[in-house]
1. Using the Cα atoms as the points, what is the convex hull volume per residue of the protein assembly as shown in Å³?
2. Could you check the simple spin-label distance between residue A:540 and residue A:88, using points 7 Å along Cα→Cβ, in nm with one decimal?
3. Report the relative contact order of the stretch A:281-362, percent, no decimals, based on alpha-carbon pairs under 8 angstrom and at least 6 residues apart.
4. Let me confirm one metric for peptide A:312-323, namely the mean number of other chain beta-carbon atoms within 10 Å of its residues' beta-carbons.
5. I'd like the mean, over residues of B:25-35, of how many other protein chain beta carbons sit within 10 Å of each residue's own Cβ.
6. Given the DSSP H assignment, sum -39500 (n - 2.57) over each helix run of at least 4 residues in chain A and divide by its residue total; what's the result at 222 nm in deg cm²/dmol, nearest 500?
7. Under a no-solvent Debye model with one identical scatterer per Cα of the stretch A:182-250, what's log10 I(q)/I(0) at q = 0.13, 0.22, 0.24, 0.27 Å⁻¹?
8. Taking only C-alpha pairs under 8 Å that are 6+ residues apart, what is the relative contact order of chain A in percent?
Ligand SMILES: Nc1nc2c(ncn2[C@@H]2O[C@H](COP(=O)(O)OP(=O)(O)OP(=O)(O)O)[C@@H](O)[C@H]2O)c(=O)[nH]1
Ligand SMILES: [Mg+2]
C-alpha cells in the first residue's frame, strides 16, 4: 500500500509549477514571473499522508506537446518516456493558472489524452477571484474526468487538500478527447497500429501510441524524420507520410482542424465553468504596459532602471564594503598578535586572509545586483525588456526573446546560457550562447571596481562619476555582445529570419521574501566559492609566490628597528617574489602581455583568473601582501598605486588600468561557463571557438587602447 | 455587431479592435506554432497595442509578436460595440 508515487509536474509556463513544487518538497528552485524560468527537470519528494514517499518531477513549462523549443522538448520527452535518464512518470500533476484557464487548457488536455492517472491543481485561485472569475471546480472536474483541486502555491496552508489528493491510492484517468473528425481519427489509428510496441496482445492502440502518432502526423515536414527517429517510429513514419497525402486530398484543412477542434471544445468548456469572459476590460497590466512598452517612455524607463541598478551597485555598496575591508584588516592584525612570525603566519595573513578578504569585500555589490535582478524577474518586467529590445535585436539578426538570457547573464553567464533553451530557432540559440559571456557578469564586478578606484584615486572624483564609468563598462560589454551576434548571424547563418512570439505575464507585486531568499542563496554560493575555490587557489598561490625561498630571507626579525634595514627587507622580498615559481610563470608570459601595458605580476593574476575572474583580485592581493611591509596594511587600491616598474614609473597608470578593464570586459575567463557551453551545444567546437574569439578580441582591444593611448601621449 | 467582410493582415489592424483570425500564411512550422498559441482560424483576438511590435489578447493572455509575424495573420475586423 505504501508504495512510493511518482508524479511529473506539468503545465503552461508561468502557471506556478515550481512555486508549488517548492512548497511541497521544501526545495528552493528558482521561480520568477516570466515564462521560461525552469528549463531543466528537477526531482524532489515529500512524505504523504500515509507515510509514503511521494516523488515530484518539476519540468519546464510548455504550450504544447509539439514542443517548439528545447525546454519544451525536455517536458515532451519525459512525458512520452523518450529519455533514458528518467523513467516515464506513472502519474501526472497538472498545474493550471486559474486566471488564464483557456490558454492553459490547450496543453493540459493534450496531457490528459496520454491516459495516465492525473490530478489537476487549479492554481492562482486568488488571482482568478480578484478578476471576478470564479471557476466552478466540480464542473471542471466532471468535464475533464479527473480530480481538480484549487490551490494557491504561494500560501502553503492552502495545499493540504492537494497533498491528500496526491496520496490517493487510485486516481482516475481522463477520457477527454478533442472529438476529431473521423477521417483524422482513422489516420491516427492507422499510424498507431503500425507503431512498434511492446505489448503485442493489446488490440486497441494505447493512448501513448495515439499521441505519438498524432504528433508525428502533425509535425512540420522538415521535422518528421528526426521526430520519428526520436520516438522510435520505425515503419510508422512511412504510414504517417502516406496518411498526410491522403488527408491533403480528403480534408485539405486538416492541420487547422487538428488545433481548432481542441480550442472549440475548450472554449465551450470555459464558458460552462466560468461564464463568458469580458474581452474588453482593461487591467492595471494594460495601463502599465501602455507606458513601459511605449517606444519613447518605455525606453526612458528601461534606461532609467538599468542606470539606477548600476549606479547603486557602485554607490550604495561602497559603505558596507569599507566595513568588510576594515573587518579583514582587524582580523589580520589580530592574527599577527596571536601567532609567532614564520611561514604559517605568513600563509594565514598574506595568503588566506589577503586572498579571501580581497574577494569577500565585494559581497555587498553582488547582493545589490541580485536584488535588482530579482525585482526585474518578480515583477514581470523581464518580458517587457525583451519586448522593447526586440527592435534592437532585430538589427543584429536575433529577436527579443534572446534578450532575456542576455539580461540574466549580468548575474552569471551560466544561468543565462541555460535560459537560451527557450529560444525556438537553434541557430539563434547558438549565437545567443556564443555572445552571452560578453555581458558583464558579477565575477567581473570586483575587477571593475578595483580598477576604477585605481583609475581615479582619492576623493577628487565624485563617486557618481565612477558609477557612470562602471555603467559604461557594462554598456561596452553589451554592445560587444550585440556586435558579435550580428557578425556571427550574418557570416554563419545568413538570410535567416525567425519569429518573435512571447507571452507577457501580468505584473505582480514582487514578493520580498522571494527576492531575499534568492539574495541569500547567491550570497552563500559566493561565500562558499570564497571558502573553497578561492581559498584553495590562495593557498596554492601563496606557495607559488613564497617558494623556492631565496637565500637571504632570514633576516626579518631585526627589520623593525632600522629604517634602512626595512627598505632592504622590502627589496629582498621583491627579489624573493621575482624568483618564486609564480614569478617564473609571470616572466614567462610577460613578453606576450607587455604590449598591453601589463607587467609580469598582472600576468600571474591573469593566469590565475583563468580559473575564475574574481581570483584576479585575490591574486593581486596576495602578491602585493607578500612583497610589501606588512606592518601597516593599506587597502589594495592604494597599494596598487604605489607599484612601480623597474624603471621607476608607476605600473597602474590610468592607461594600464583602462587596458586591464577593456581586457576583462571582453575576455573569456571562466572554466565553468565553457563546460556548460560544451554541454548545451553538445560539442567541443563551440566552447573552443568561444574561448578563442573572446580572448582574441580582448587582446586586440587592449592592445589598441594601450598602444593608441601611448601614441597620443598618455602613459 | 456588424462585421466587415474584407480581410487585412493583423499588421495593418488598428489598436483596440476586436478581430477574428481568418487565414494564416507562412511555412508549416510557423502556422502550427501560431495556431497552438491561439491564433487559430476563427479565434477572436483583441489587438491591444500596435507600435512596431504588437500586443494582442488571445485566449485571455497577452501575447507580444513582431510586425513580420503579424503580416502572416489575416484577420477580419468586427465593429467593437462600446
Ligand atoms: N498570486 C499568486 N501567485 C502565484 C501563485 N503561484 C505562483 N505564483 C507566482 O507566479 C509566478 C510564476 O511562478 P513559477 O513557479 O516560477 O512558475 P512556473 O510554472 O514554474 O514557470 P516556468 O518555470 O517558467 O514554466 C511567480 O512569480 C510566483 O510567485 C499563486 O497561487 N498565487
Ligand atoms: Mg518553473
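Every read-out reported here was derived from the displayed coordinates using simple, explicitly stated rules and does not represent laboratory data. None of the values given here were measured: they were computed from a predicted structure. Positions of Cβ are generated from backbone atoms using ideal geometry, with glycine treated the same way; all protein chains shown enter the neighbour counts.
1. Measuring per residue, one finds 190 Å³ for the Cα hull of the protein assembly as shown.
2. Simple spin-label model gives 4.7 nm for this pair.
3. Normalised by residue count, the contact order of the stretch A:281-362 is 24 percent.
4. Partner Cβ neighbours, averaged per residue: 0.
5. For this peptide, the per-residue mean of nearby foreign Cβ atoms is 6.
6. Using -39500 (n - 2.57) per qualifying helix, the result is -18500 deg cm²/dmol.
7. -0.31, -0.88, -1.03, -1.27
8. 11
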